[in-house]
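The values are calculated or read from the model by the stated rules, or taken from the named source; none is laboratory data. Computed from a predicted structure; not experimentally measured. Neighbour counts are summed over all protein chains in view; Cβ atoms, including those assigned to glycine, are modelled from backbone coordinates with ideal geometry.
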Amino acid sequence: MKESPSLLLLDGLTVGYGRTAVLADLQAHVEPGGFVCVLGRNGSGKSTLLRTMAGLQPALSGQVRLGDEAVGPMPPAERARRIAVVLTEQAHSPGLTTEDVVALGRQPFTDWRGVLSDQDHTYVREAFALAGATPFAGRLFDDLSDGERQRVMIARAIAQRPALMLLDEITAFLDLPGRVEVMALLRRHARETGTVILLSSHDLDLSLQLADAVWLLADGALHVGTAEALITGGNIGAAFNTADVSFSAERGRFELRL
């Protein structure tokens, strides 16, 4: 395994589109090896935040820093080596095998010919195993189910061996055992490699159980803390309670109002 990469820092970050801010003046940091779940209602800005952190869209103000470097002005080639991104959109790769897709995670480290080294191939094999994607080896990527494709995309991100991994709703197409397995393996991977992993999710109960820290987006603000702190402080309930469903701090789960 590699040495621990750099700390992640949001410094006065404002994200949005055009002149419209979705989230403003965000301050947060994550130590190497941190596994963070990003929670919030639909439209709260989860995807916008992750895309901005990945350098896929510009910040309106402030910056995202990875160690001593700001992500925004980072050269694309450097950003591709240090940040792995798996977005919520369904991926399609006509004609590519699963090995081809996972190997794309190593392309930022190859020369102009794009030839993988023996070490690159080792990283690809290890990533297949870590993501539980080995049973899909040798198959065409587009022949896989949605859940199987997500496993392969996670393997691609692992093969990249980035300092920062940003995953947007990547468990959406998995069944419950699959969601538990994937989130547990990502948390373990973060701790073993020092990678900072941020995962946005609508699976609130599981996120609250597994996250080292929670970033809760609500009413244009970012609330950062452990799951326990945000539950006892009433932040989770305030963000998600409705006329029909409420969060029970005592039981640590959502319940129907009867």
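Can you work out which of the residues in region 37-58 that are crowded, with 22+ Cβ neighbours inside 10 Å and of a type in the set (A, V, I, L, M, F, W, C) is farthest from Asn235 (Cα to Cα)? Among those that are crowded, with 22+ Cβ neighbours inside 10 Å and of a type in the set (A, V, I, L, M, F, W, C), it is Met53.
Selection of region 110-154 for residues being aromatic (Phe, Trp, Tyr), under 23 Å from Ile83 (Cα atoms) and crowded, with 16+ Cβ neighbours inside 10 Å yields Tyr123, Phe128, Phe141.
Of the residues making up region 1-60, those that are over 20 Å from Asp168 (Cα atoms), among the polar types (S, T, N, Q) and assigned to a loop (DSSP other than H, G, I, E, B) are Ser4, Ser6.
The residues on offer are Glu31, Glu78, Glu69, and the sole one that is surrounded by fewer than 19 Cβ atoms within 10 Å (Cβ to Cβ), acidic (Asp, Glu) and within 16 Å of the chain's Cα centre (by Cα) is Glu31. Checking Leu206, Leu186, Leu198, Leu222 one by one, the residue that is closer than 15 Å to Arg41 by Cα and among the hydrophobic types (A, V, I, L, M, F, W, C) is Leu222 and no other. Does Asp120 meet the test of being assigned to a helix (DSSP H, G or I) and in contact (Cβ under 8 Å) with a residue 40 or more places away in the chain? Taking the combined requirement at face value, the residue does not satisfy it.
If I filter region 81-109 down to residues being without any contact (Cβ under 8 Å) to a residue 40 or more places away in the chain and in a helix (DSSP H, G or I), which single residue comes out as surrounded by the most Cβ atoms within 10 Å (Cβ to Cβ)?
Glu99
Can you pull out the residues in region 198-233 that are over 24 Å from Leu66 (Cα atoms), free of Cβ contacts under 8 Å to residues at least 40 places away in the same chain and over 17 Å from the mean Cα position of the chain (by Cα)? Answer for region 198-233, where residues must be over 24 Å from Leu66 (Cα atoms), free of Cβ contacts under 8 Å to residues at least 40 places away in the same chain and over 17 Å from the mean Cα position of the chain (by Cα): Asp219, Ala227, Glu228, Ala229, Leu230, Ile231, Thr232, Gly233.
Tell me, please, whether a residue that is of a type in the set (Lys, Arg) and touching a residue at least 40 places away in the same chain (Cβ under 8 Å) can be found in region 171-179. No, region 171-179 contains no residue that is of a type in the set (Lys, Arg) and touching a residue at least 40 places away in the same chain (Cβ under 8 Å). Can you find a residue that is in contact with an Asp or Glu (Cβ under 7 Å, 6 or more places away or on another chain), within 24 Å of Thr226 (Cβ to Cβ), hydrophobic (A, V, I, L, M, F, W, C) and modelled with pLDDT of 95 or more anywhere in region 6-22? Checking region 6-22: not a single residue is in contact with an Asp or Glu (Cβ under 7 Å, 6 or more places away or on another chain), within 24 Å of Thr226 (Cβ to Cβ), hydrophobic (A, V, I, L, M, F, W, C) and modelled with pLDDT of 95 or more. Of all residues assigned to region 155-173, none qualifies as being more than 22 Å from Cys37 (Cβ to Cβ) and in contact with a Leu (Cβ under 8 Å, 6 or more places away or on another chain). If we scan region 96-105, do we find a residue that is over 26 Å from Leu50 (Cβ atoms), in the same structural domain as His189 (by TED's automatic domain parsing) and touching a helix residue (DSSP H, G or I) at 6+ places or on another chain (Cβ under 9 Å)? The answer is yes, given that some residue of region 96-105 is over 26 Å from Leu50 (Cβ atoms), in the same structural domain as His189 (by TED's automatic domain parsing) and touching a helix residue (DSSP H, G or I) at 6+ places or on another chain (Cβ under 9 Å).
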